[in-house]
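K.L.:
Sharing a structure here in structure tokens format.
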Amino acid sequence: MRLIVNGPELPKATIGLVLFVGVGIVSVRKVRRRLPYELWHYLHFVTYAGIFLAFGHQLLGPDFLDDPLATALWLALYVSVTFLLIWYRFLTPVRRGLRHRLTVAEIRRESPGVVSVYLIGEHLHELGAEPGQFFRWRFLTRGLWWTANPYSLSARYSSVSRIPRSCAPALDHPHRTHTKPGSAIRKMTILCA
């Protein structure tokens, strides 16, 4: 216990380890099934804190203390990963939102429990979307902004009907599953179940 409290950067590294173990526990299938997807997803952001808390301890270990080249390479690796994390997790959705300016044009109830959400925007062909793909949609309105649905649009009509017509959705990227190569779409129709 004395080593954990007094070792170089060990208190922070120990907290990082506890965070990793906690994320591992919530990732066990039986536990994960009981958590809402959004909560499970956001809990994984804790791994970033765990990684950065352990960083100082790694640099003060015997592999790095006597090797400036290894230290420089490890620092370069951390800086590169941090840049990519910020770029793709945070800046890319903002950049795409500003570029495509997606808005909800119409919400149409097709049948009981099925709703079509029609979106309009700019430069939609640049998304490279094809039939069968899905986006993670996050509608930026009260009560829905923190929920990123992993399918085109899948929500009960009661929650979709609360989306204002001028609401801007945020998206990450098209996921390449269940698609035929070379197929393309000109208009997007998002169905909810």
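K.L.:
In segment 9-40, which residues are in contact (Cβ under 8 Å) with a residue 40 or more places away in the chain and farther than 25 Å from L77 by Cβ?
P.N.:
Selection gives Y37, E38.
K.L.:
Restricting to segment 45-77, count the residues that are in a loop (DSSP other than H, G, I, E, B) and either at pLDDT 90 or above or open to solvent by 50 Å² or more (accessible area, probe 1.4 Å) (or both).
P.N.:
Number satisfying all stated conditions: 4.
K.L.:
Could you list, in sequence order, all residues of segment 96-110 that are part of a strand (DSSP E or B) and either open to solvent by less than 50 Å² (accessible area, probe 1.4 Å) or among the aromatic types (F, W, Y) (or both)?
P.N.:
T103, V104, A105, I107
The values are calculated or read from the model by the stated rules, or taken from the named source; none is laboratory data. This is a predicted model, so every value here is computed, not measured. Here Cβ is always computed from backbone atoms with ideal geometry, including for glycine, and neighbour counts include all displayed protein chains. Side chains included, ligands, DNA and RNA excluded: accessible areas come from the protein's heavy atoms. Shrake-Rupley method; radii C 1.70, N 1.55, O 1.52, S 1.80 Å.
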